[in-house]
1. For the range 54-88, name all the residues that are assigned to a loop (DSSP other than H, G, I, E, B) and open to solvent by 50 Å² or more (accessible area, probe 1.4 Å).
2. Can you find, within the range 89-122, the residue that is most open to solvent (accessible area, probe 1.4 Å) among those that are β-branched (Val, Ile, Thr) and within 19 Å of Thr167 (Cα to Cα)?
3. Sort out which residues of the range 62-83 are within 13 Å of the chain's Cα centre (by Cα), small (Gly, Ala, Ser) and closer than 11 Å to Arg31 by Cβ, and write them in order of number.
4. Quick one: Ala140 ticks every box in (1) more than 12 Å from the chain's Cα centre (by Cα); (2) open to solvent by less than 40 Å² (accessible area, probe 1.4 Å); (3) in contact (Cβ under 8 Å) with a residue 12 or more places away in the chain except a single one, so which number is it?
5. Of the conditions (1) among the β-branched types (Val, Ile, Thr); (2) in contact (Cβ under 8 Å) with a residue 60 or more places away in the chain; (3) out of contact with any Pro (no Cβ under 8 Å at 6 or more places or on another chain), Val117 fails just one. Which one is it?
6. Which of the residues that make up the range 128-137 are open to solvent by 30 Å² or more (accessible area, probe 1.4 Å) and under 20 Å from Ser65 (Cα atoms)?
7. Please verify whether Tyr125 is part of a strand (DSSP E or B), surrounded by 14 or more Cβ atoms within 10 Å (Cβ to Cβ) and aromatic (Phe, Trp, Tyr), treating the condition exactly as stated.
8. Among His165, His173, which is in contact (Cβ under 8 Å) with a residue 24 or more places away in the chain, within 23 Å of Pro48 (Cα to Cα) and either surrounded by fewer than 22 Cβ atoms within 10 Å (Cβ to Cβ) or not aromatic (Phe, Trp, Tyr) (or both)?
Amino acid sequence: MRTTVAALAGAVLLTGGLAACSSETPSPAVRPVAETALAAPAASGDQPKGITYDVQRIPVGAKLSAGSSVANGQTTVELKVSGLLPNTKYGSHVHTKPCGAKPADSGPHYQNEKDPVTPSVDPKYANAQNEIWLDLTTDATGAATGTATVKWEFRKGEANAVVVHATHTSTEHGKAGTAGDRLACLTAQF
């Protein structure tokens, strides 16, 4: 019995909780939603699927790939990046509108329970349980993966982009959900 308890305790420490030790059915594989190499915004008309707004921090040609899965009322979203600056922290969130010529065109963060005040910086609404936060830190080659799982499903037609921001997401009151400048955007309809 002592070995079993020690093994379970080790599994809890390694996974950060009991979820990995439960008998729940594993979530389905993440299905691709959107993937592209980034381009500069178009001068007019239709915009590229993936846009970099700051070529110094996210170069043209860097790649973004988003995917998701839904099972048992939970949603998992995954963002894979490559070609970004090495060993750099980025914030990332799902936004409500498709990417546009200007960084703000992608609208606010998607929220399961919408904050009546915009911009949303109240931690009651701007938090990792009510939004999709995909913060990541690139490796020496500029690649990384960010994943978030929440206990709700997107409302149809309301989650349309993944935006990469300049810093990891703040949780401070009055700054909650902020992550600096919008550096790049991937149109991805969830």
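1. Filtering the range 54-88 for residues assigned to a loop (DSSP other than H, G, I, E, B) gives 54-62, 72-73, 83-88.
Those that are assigned to a loop (DSSP other than H, G, I, E, B) and open to solvent by 50 Å² or more (accessible area, probe 1.4 Å): Val55, Gln56, Arg57, Val60, Asn72, Leu85, Pro86, Asn87.
2. Filtering the range 89-122 for residues β-branched (Val, Ile, Thr) gives 94, 96, 117-118, 121.
If we keep only those that are within 19 Å of Thr167 (Cα to Cα) too, we end up with 94, 121.
Details: Val94: 1, Val121: 43 Å².
Only one residue tops the list, namely Val121.
3. Filtering the range 62-83 for residues within 13 Å of the chain's Cα centre (by Cα) gives 64-68, 75-81.
Among the residues that remain, those that are also small (Gly, Ala, Ser) are: 65-68.
Those that are within 13 Å of the chain's Cα centre (by Cα), small (Gly, Ala, Ser) and closer than 11 Å to Arg31 by Cβ: Ala66, Gly67, Ser68.
4. For Ala140, the failing item is (2).
5. Unmet for Val117, out of (1) among the β-branched types (Val, Ile, Thr); (2) in contact (Cβ under 8 Å) with a residue 60 or more places away in the chain; (3) out of contact with any Pro (no Cβ under 8 Å at 6 or more places or on another chain): (2).
6. Filtering the range 128-137 down to residues open to solvent by 30 Å² or more (accessible area, probe 1.4 Å) leaves 128-129, 133, 135, 137.
Within the range 128-137, Trp133, Asp135, Thr137 qualify.
7. Values: part of a strand (DSSP E or B): no; surrounded by 14 or more Cβ atoms within 10 Å (Cβ to Cβ): yes; aromatic (Phe, Trp, Tyr): yes.
Here the answer is no, as Tyr125 does not meet what is asked.
8. Numbers: His173 fails: within 23 Å of Pro48 (Cα to Cα).
Criteria check complete, one pass: His165.
The values are calculated or read from the model by the stated rules, or taken from the named source; none is laboratory data. Here the structure is a predicted model, which means the values were calculated and not measured. Don't worry about glycine lacking a Cβ; one is built from the backbone with ideal geometry, like all the others, and counts go over all protein chains shown. All accessible areas refer to the heavy atoms of the entire protein, side chains included, with ligands and DNA or RNA removed. Shrake-Rupley method; radii C 1.70, N 1.55, O 1.52, S 1.80 Å.
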